[in-house]
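The values are calculated or read from the model by the stated rules, or taken from the named source; none is laboratory data. Given the structure is predicted, the values throughout are model-derived calculations rather than measurements. Ideal geometry is used to build each Cβ from the backbone, glycine not excepted, and the neighbour counts take in all protein chains shown. These accessible areas exclude ligands, DNA and RNA; they are computed on the full protein's heavy atoms, side chains included. Shrake-Rupley method; radii C 1.70, N 1.55, O 1.52, S 1.80 Å.
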Amino acid sequence: MVTAENLAPVLQVDRLSYYIPLWRGYLVRQPAGALRILDSTSFELYSGEMLVLVGESGSGKSSLAKTILHLASPGFGRVMYRGQDLAQLRGESLRAVRRKLQLVFQDARAALNPIMPAREVLAEALAPGERIRPNERILELAELVEFSPALLSCTPGALSDEQCRRLGLARALAAEPEVIVYDAPVRPDADQAGLGMLRLLRSLQSSLSLSCLFLDRSPSPAYRYADRVGVMYAGRLIELAPQEELSRHPLHPYSQALLAATPGIRGLPGDKVLRLPGESPRPGNLPGGCRFHPRCRYVQPVCLEADAEWRQASPGHWVACHMV
Amino acid sequence: MSAFIFRRAVWLLPIMLVVVPSACLLLQVSPSTLCDGRGLVLPASHSLFAAPENGSGWQSPVGNSIRLMLVGAALGLGLGFPMGLLAALGRGNWLDKSIQALCSLFISLPGLVLAGLVLGVMAWMGKAGATPDWEKPAAWLAPALVTGSGLLGFTARIVNEALLQALGQDYALAARAKGLTEREMVIRHLLRNTWITVTNRLTPALTSLVLGSWLVEAVFGYPGMGRLFVQAILQGERELVWSGVIIYAFLAALAGLVADVLAAALEPRLREERQR
Ligand code: SF4
């Protein structure tokens, strides 16, 4: 396993936020607050590691993925790739960095041009140096992700969801990236497929020296293959720790409840399921202070006033909670 | 592809089989001057097809009308597509807004009213009055533009909508993520998809272009079928009205066929589906 801290970070995400501004007024537009889709989320991705972020749908995972790649422009905060601030890059240099950071979209089918055959999808994504002998490389990529070469002439309409997903991964790999951001699908029956993809990614990781950010809905499939695990809640990363550490000592009350509710994760204090009252808030009506306070057992007056700082509780174990 | 065109063309037969008798029936029962008790004669060698002395068949009223429709359609599509593109790429700027306004105008104003307006403006500029020389292409411009205006507005709006929608799709994001430039992305991924959307929805716009053209012709005094058609109605020339109805119905059905063939040529999947 990679011991993350002694390696250089490939990607630094610093207080990243993504807001959608709201307007009101019939004749004159006036700002009326914003939807806070993603809020001050910070973490680092180290070379060669598998970082899994878990959070239910609506917790900002997809927005995080798109914001990291600067496919959606962040409201605040910044993303650094090997020390370069992505927001400072323009034109050719931005495109070059984008090729190094590849995303496998949550909805793999929607991310494929409906009229473009698989072969063309891959050909277009090839690194410029490889366009000389594209066919061999395309076959190689298909083999890498276990995508049948017979399907290369098909358009997405003729492919299954699983095949679209593999094609999406092959397209990401075609650019010879350093980082793969994998946004796992939301369908509840996708766990098994998700596990397969995770295993595949894990094996590709070492041969292609990839760093991988895996965004998943539930912690169970992710756990076995992760180096570090982060937990997202209502648009913010609220805890981040090495996998073992998080299983043993989840610090944030939400992480505790989430892990307790997930079968197959050992080492929790007591074995009882902690039930959370209520539901996750929507981006339009986040509670003030700590976004978890209406559901938290340990809530204190300070929790209603200010959001908790992101800090290290112990080396490598980050959390955002006043009471830790 | 030729099989598809053939099969699609065969469908013209039943359409015409419905149109011809029903036009006949309507004329028989109509209480106007059109009904004088005589039977209907087949529209064989009418003045509609008569070319002027020493002219070709293209200069007969029918030929003139078809030419006007073709030029109108070409102008509508040819101007509408880039306008929609400009509007979509310049989201929200003044160009986008003025194109949108123009499109709403073109779509909502009937050709008849627009033709009147254009004539009014031309008169005000001192350009109208004398009968224009229809041999000159410049004289065509105004009626052809008015004929194509509905199609122009429609095309621009569909292109704009389809592009905006496609720009927000994940596959556009994916193209950006691959490191394509904005221009490569639009050209390689979006234009063709947009064009498919346009051709898929072209049928009603093309048929209404055909059916709207005779009014425009009549207002401009263009030497096509439209003028003769109006005269025929006013003077109760039944055969002429009947032939006119049939010719227009045929052209409208043909326009639908052209739109379908265009759509199928771009999207093979569609071809297979419609063949079934
Ligand atoms: S900050 Fe307060 S409300 Fe929020 S999770 Fe911690 S204890 Fe609960």
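Listed values, structure above:
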quantity: Filter result (within 16 Å of the ligand (Cβ to nearest atom) and surrounded by fewer than 24 Cβ atoms within 10 Å (Cβ to Cβ)) within the stretch A:235-249; calculated: A:249
quantity: Breaking point among (1) among the β-branched types (Val, Ile, Thr); (2) modelled with pLDDT of 90 or more; (3) open to solvent by 20 Å² or more (accessible area, probe 1.4 Å), for residue A:273; calculated: (2)
quantity: Tally, over the stretch A:311-322, of residues that are closer than 22 Å to residue A:243 by Cα, in a loop (DSSP other than H, G, I, E, B) and within 12 Å of the ligand (Cβ to nearest atom); calculated: 2
quantity: Hits in the stretch A:142-163 - residues which are surrounded by 21 or more Cβ atoms within 10 Å (Cβ to Cβ) and either within 14 Å of another protein chain (Cβ to nearest Cβ) or small (Gly, Ala, Ser) (or both); calculated: A:142, A:156
quantity: Conditions (1) open to solvent by less than 30 Å² (accessible area, probe 1.4 Å); (2) modelled with pLDDT under 85; number of the one not met by residue A:6; calculated: (1)
quantity: Qualifying residue in the stretch A:109-119 (condition: open to solvent by 60 Å² or more (accessible area, probe 1.4 Å), within 30 Å of residue A:161 (Cβ to Cβ), more than 20 Å from the chain's Cα centre (by Cα) and more than 9 Å from chain B (Cβ to nearest Cβ)); calculated: yes
quantity: Every residue from the stretch B:168-192 that is buried (at least 22 other Cβ atoms within 10 Å of the Cβ) and within 31 Å of the chain's Cα centre (by Cα); calculated: B:189, B:190
quantity: Top-ranked residue of the stretch A:75-99 - restricted to ones that are more than 17 Å from the chain's Cα centre (by Cα) and aliphatic (A, V, I, L, M), ranked as farthest from the other protein chains (Cβ to nearest Cβ); calculated: A:87
quantity: Residue that is nearest to the other protein chains (Cβ to nearest Cβ), among those in the stretch A:281-301 that are part of a loop (DSSP other than H, G, I, E, B) and more than 9 Å from the ligand (Cβ to nearest atom); calculated: A:282
quantity: Conditions (1) within 12 Å of another protein chain (Cβ to nearest Cβ); (2) open to solvent by 20 Å² or more (accessible area, probe 1.4 Å); (3) touching a helix residue (DSSP H, G or I) at 6+ places or on another chain (Cβ under 6 Å); (4) at pLDDT 85 or above; number of the one not met by residue A:102; calculated: (2)
quantity: Scope the stretch B:209-233; condition without any contact (Cβ under 8 Å) to a residue 60 or more places away in the chain and open to solvent by 10 Å² or more (accessible area, probe 1.4 Å); matching residues; calculated: B:211, B:218, B:229, B:230, B:231
quantity: Among (1) within 13 Å of chain B (Cβ to nearest Cβ); (2) open to solvent by 20 Å² or more (accessible area, probe 1.4 Å); (3) of a type outside the set (S, T, N, Q) - the single one residue A:173 does not satisfy; calculated: (2)
quantity: Residue B:179, sole failed condition from (1) facing chain A (nearest Cβ under 7 Å); (2) at negative phi; calculated: (2)
quantity: Qualifying residue in the stretch B:197-208 (condition: open to solvent by 50 Å² or more (accessible area, probe 1.4 Å), within 14 Å of chain A (Cβ to nearest Cβ) and touching a helix residue (DSSP H, G or I) at 6+ places or on another chain (Cβ under 8 Å)); calculated: yes
